[in-house]
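I have a structure here, written as C-alpha cells, and I will follow up with some questions on it.
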Amino acid sequence: HVDTSYKIPAMIEYRDRVAREWGLKLVVGQNKEALAAGMNHTLGRVNCCTALKTNGLKQLIEQKGYTGIILGVRADEEGTRAKERYFSPRDKHGDWDFRDQPPELWDQFKTTFPPGTHIRIHPLLDWTEINIWEYIKFENIPFIDLYLDKGDGTRYRSLGCAPCTTPIKSTAKSVDDIIDELRHTTVAERSGRAQDEGRGMELLRKDGYM
C-alpha cells in the first residue's frame, strides 16, 4: 500500500485490521522526503499525487525489486484506464506510453518483454463496477463500510485521500442496494475524485500512477 498520510483514517484502520486478522504481509511505501518538505493537496492535486502516490509507488518498487505488480484497476473507471492492457509494460523509469500499447485480442496476450521492463498486471480490467459488487455478494466478501450510507444520505463509491475525495448522495445501505443503484445511476464512479478532473489522471498515469 502506498500511504500518502492523507488517506481517510477509517481506510488505514480497516487495512491494518484485515492484515492482522488474515495474517497478511502488509508492505507499505511512503515518500517521506516529499512529506517532510510539506507536500500536500494545497500545492496542486496533480503535484501532490505525483509526489506522494506516483513517486511513492516507484520508490517502493525500486526498494523491493519488484518486476511486476498486480492492480485492481478497471477500464470503465476512467478514460485513461480504458486504454490499458491486461499486461501493461512500463519503461525503466516506470513511465507508461498510453499511445503505444500491445494488442490483446481474444485470449492472446503479450507476456514477453525486454529486460528491464516493469509490468503492471490488471486481472479485473474488463470487470464493471456492478460485476465487483455482484462478486462481493456471491462470495460474501467483507468490505469497508464507507461504501454504505450510514443514515446521512451519502456514501463513497471510490476511496482515496480525504482532502480530494467526496461522498456521493445515496441511500444504499447494503450490497443489494448498491447493485440496484448502479443499474440506474447516471453519475460516474469517480465523480468524487479531484485528481480525475481535466487531464489530471492522464498525466499521472503516464508517469507511473496506478
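The values are calculated or read from the model by the stated rules, or taken from the named source; none is laboratory data. Keep in mind that this is a model prediction, so the values were computed, not measured. All Cβ positions, even for glycine, are placed from backbone atoms using ideal geometry, and neighbour counts span all protein chains on display.
Can you tell me how many residues in the range 151-210 are of a type in the set (A, V, I, L, M, F, W, C), in a loop (DSSP other than H, G, I, E, B) and either modelled with pLDDT under 70 or surrounded by fewer than 15 Cβ atoms within 10 Å (Cβ to Cβ) (or both)? Show your work before the answer.
Filtering the range 151-210 for residues of a type in the set (A, V, I, L, M, F, W, C) gives 159, 161-162, 164, 168, 172, 175, 178-179, 182, 187-188, 194, 201, 203-204, 210.
Keeping just the survivors that are in a loop (DSSP other than H, G, I, E, B) gives 159, 172, 187-188, 210.
Keeping just the survivors that are either modelled with pLDDT under 70 or surrounded by fewer than 15 Cβ atoms within 10 Å (Cβ to Cβ) (or both) gives 187, 210.
Result for the range 151-210: 2.
Please go through the range 62-88 and pick out each residue that is free of Cβ contacts under 8 Å to residues at least 60 places away in the same chain and under 21 Å from GLY29 (Cβ atoms).
Within the range 62-88, GLU62, GLN63, LYS64, GLY65, TYR66, THR67, GLY68, ILE69, ILE70, GLY72, SER88 qualify.
To continue, here is another question. Tally time: how many residues in the range 107-139 are part of a loop (DSSP other than H, G, I, E, B) and within 21 Å of SER158 (Cα to Cα)?
Keep residues of the range 107-139 that are part of a loop (DSSP other than H, G, I, E, B), which gives 107, 109-117, 122-128.
If we keep only those that are within 21 Å of SER158 (Cα to Cα) too, we end up with 122-128.
Residues meeting the conditions: 7.
Go through the range 51-98 residue by residue and tally those that are within 20 Å of THR4 (Cβ to Cβ), among the small types (Gly, Ala, Ser) and either assigned to a helix (DSSP H, G or I) or out of contact with any Gly (no Cβ under 9 Å at 6 or more places or on another chain) (or both).
The number of residues fulfilling the criteria is 3.
I need the full set of residues from the range 17-29 which are touching a helix residue (DSSP H, G or I) at 6+ places or on another chain (Cβ under 6 Å) and either surrounded by 14 or more Cβ atoms within 10 Å (Cβ to Cβ) or farther than 17 Å from SER5 by Cβ (or both), in order please. First the steps, then the outcome.
Of the residues in the range 17-29, the ones touching a helix residue (DSSP H, G or I) at 6+ places or on another chain (Cβ under 6 Å) are 26, 29.
GLY29, the sole residue that qualifies.
Which residue pairs have Cβ atoms closer than 8 Å, lie 6 or more positions apart in sequence or on different chains, and pair a first residue in the range 93-116 that is surrounded by 13 or more Cβ atoms within 10 Å (Cβ to Cβ) with a second residue that is aliphatic (A, V, I, L, M)?
These pairs meet every condition: GLY94/LEU57; GLY94/ILE61; PHE113/ILE119.
Now, a different point. Write out, first by first residue and then by second, each pair whose Cβ atoms fall under 8 Å of each other, whose residues are 6+ apart or on separate chains, and whose first residue, in the range 34-47, is closer than 15 Å to CYS161 by Cα and free of Cβ contacts under 8 Å to residues at least 24 places away in the same chain while the second is surrounded by 18 or more Cβ atoms within 10 Å (Cβ to Cβ) and polar (S, T, N, Q).
MET39/ASN31
If PRO115 satisfies all but one of (1) within 15 Å of the chain's Cα centre (by Cα); (2) over 20 Å from ALA188 (Cβ atoms); (3) not acidic (Asp, Glu), what's the number of the condition it fails?
Here PRO115 clears every test but (1).
Looking at this structure, is GLN101 in a helix (DSSP H, G or I) and not acidic (Asp, Glu)? Walk me through it before giving the result.
On the way: in a helix (DSSP H, G or I): no; not acidic (Asp, Glu): yes.
Judged against the criteria, GLN101 is not a match.
Then there's this: Please state which of the following conditions ALA10 fails to meet, knowing it meets all the rest: (1) small (Gly, Ala, Ser); (2) within 24 Å of ILE121 (Cα to Cα); (3) outside any loop (DSSP other than H, G, I, E, B).
The failed condition is (2).
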